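Beneath this line is the structure, given in structure tokens, with notes to follow.
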Amino acid sequence: MYQGAYTALITPFNTDESVDEGALRDLVEFQISEGISGIVPVGTTGESPTVTHKENVEVVRIVVEQAAGRVPVIAGTGSNSTMEAIEMTRQAKEIGASASLQVAPYYNKPSQEGFYRHFSTIADTVDMPHVVYNIPGRTGKNIENDTMLRLAAHPNIPAVKEASGSMPQVMDLIARKPKDFGVLSGDDNLTLPILALGGAGVISVASNLIPARMQALVDNYLAGKVEAARAEHYALLPFFKGLFLDTNPIPIKYAVSLTGRVKEVYRLPLCPMSDTDKATIKQILQDCNLL
């Protein structure tokens with residue numbers, strides 16, 4: 001089972017908007033040095049909608065190479081085209097990725113049967129673990145639990161990144177899932193509640209800045225240190241909320257840029273936050289002693 005805290009890694013860009021390989025390698029080293037469970041490049045937080053397929057695979061290659069087997073790398077290779085997802089996932093496997101992250105097909109909004117056939121076809125075609133990513137707020141359609149449970153029966157689908165935001169849905173899924181199927185929170189602010197319900201961890205945005213603290217939150221809870229995990233959750237809650245001031249990954253990339261690890265460069269249609277929101281983020285980081 002996938003368990004722990006995994007970082008949904010930002011993709012650093014140079015001022016000309018090309019991928020900043022040096023900064024990317026440094027980010028991987030920082031994550032590993034802080035004890036993170038694993039790294040998830042080129043998901044939503046990695047600005048997957050605005051990198052080309054070639055760049056997507058190249059970012060995965062750099063991360064896999066830099067991680068050098070020290071932590072799992074779950075490569076974001078999803079698409080709303082099953083054929084495209086298979087091709088990128090096949091390349092990620094050849095590069096040496098540990099697993100793939102497969103987002104629910106967006107815009108074309110398949111039926112539940114379409115969801116099932118999409119993910120199971122990828123899992124049948126590329127023999128490696130695949131983490132399903134349910135985020136209806138972005139994709140326009142929810143993967144219902146009956147469909148997820150059908151997928152959980154596939155030997156190559158060991159986990160879901162659950163970002164529906166529906167706690168009743170999460171409870172029902174955890175109550176009915178196979179024992180070895182991991183439910184990972186896709187929202188930092190729901191990590192503790194999902195752990196309390198029987199979840200396995202988080203694929204985190206916040207951990208781009210604070211990997212050790214997100215890892216500690218998860219580790220403490222799983223070790224039975226509930227009070228310590230709860231204290232960390234409430235200490236970080238203002239930061240978690242601040243990450244919603246603008247569209248992800250804009251707030252977290254700005255926060256990390258304040259450390260000097262990356263430049264505050266996005267690709268359109270993403271653009272910098274307002275000065276007011278930047279001031280708010282700075283204040284939150286100072287109040288939470290995160291800078």
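Is it the case that some residue within the range 263-276 is in a helix (DSSP H, G or I), exposed (fewer than 15 other Cβ atoms within 10 Å of the Cβ) and of a type in the set (Lys, Arg)?
no
Scan the range 105-127 and tell me whether some residue there is over 23 Å from Asn142 (Cβ atoms), touching a Lys or Arg at 6+ places or on another chain (Cβ under 9 Å), assigned to a loop (DSSP other than H, G, I, E, B) and without any contact (Cβ under 8 Å) to a residue 60 or more places away in the chain. If you could, list the steps in order and put the result at the bottom.
Residues of the range 105-127 that are over 23 Å from Asn142 (Cβ atoms), as a first pass: 124-127.
With touching a Lys or Arg at 6+ places or on another chain (Cβ under 9 Å) added as a condition, the list becomes 125-127.
Add one more test, that the residue is assigned to a loop (DSSP other than H, G, I, E, B), and what stays is 126-127.
Within this subset, residues satisfying the condition of being without any contact (Cβ under 8 Å) to a residue 60 or more places away in the chain are 126-127.
Among the residues of the range 105-127, at least one is over 23 Å from Asn142 (Cβ atoms), touching a Lys or Arg at 6+ places or on another chain (Cβ under 9 Å), assigned to a loop (DSSP other than H, G, I, E, B) and without any contact (Cβ under 8 Å) to a residue 60 or more places away in the chain, which makes the answer yes.
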Problem - Residue check, Tyr254 under 21 Å from the mean Cα position of the chain (by Cα), in a loop (DSSP other than H, G, I, E, B) and either farther than 21 Å from Leu190 by Cβ or modelled with pLDDT under 95 (or both) - result: no
Exercise for the section: Could you check how many residues of the range 170-191 are closer than 19 Å to Cys288 by Cα and surrounded by 24 or more Cβ atoms within 10 Å (Cβ to Cβ)? Expected result: 2
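Take Thr44 and decide whether it is closer than 20 Å to Gly137 by Cα, part of a loop (DSSP other than H, G, I, E, B) and of a type in the set (S, T, N, Q).
Numbers: closer than 20 Å to Gly137 by Cα: yes; part of a loop (DSSP other than H, G, I, E, B): yes; of a type in the set (S, T, N, Q): yes.
Yes, satisfied.
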Exercise for the section: Working only within the range 205-225, note down all residues that are β-branched (Val, Ile, Thr), farther than 27 Å from Arg176 by Cβ and either in contact with a strand residue (DSSP E or B) (Cβ under 7 Å, 6 or more places away or on another chain) or part of a helix (DSSP H, G or I) (or both). Expected result: Val205
Handout entry: Residue that is surrounded by the most Cβ atoms within 10 Å (Cβ to Cβ), among those in the range 140-154 that are under 11 Å from Lys177 (Cα atoms) and charged (D, E, K, R)
Key = Arg150
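Specify which of the listed residues (Val131, Val202, Val170) is under 26 Å from Phe244 (Cα atoms), among the β-branched types (Val, Ile, Thr) and either at pLDDT below 95 or assigned to a helix (DSSP H, G or I) (or both).
Numbers: Val131 fails: either at pLDDT below 95 or assigned to a helix (DSSP H, G or I) (or both); Val202 fails: either at pLDDT below 95 or assigned to a helix (DSSP H, G or I) (or both).
From the options Val131, Val202, Val170, the qualifying one is Val170.
The values are calculated or read from the model by the stated rules, or taken from the named source; none is laboratory data. Worth saying up front: this structure is predicted, and the values here are computed from it rather than measured. In this analysis, Cβ positions are derived from the backbone assuming ideal geometry, glycine residues included, and neighbour counts consider all displayed protein chains.
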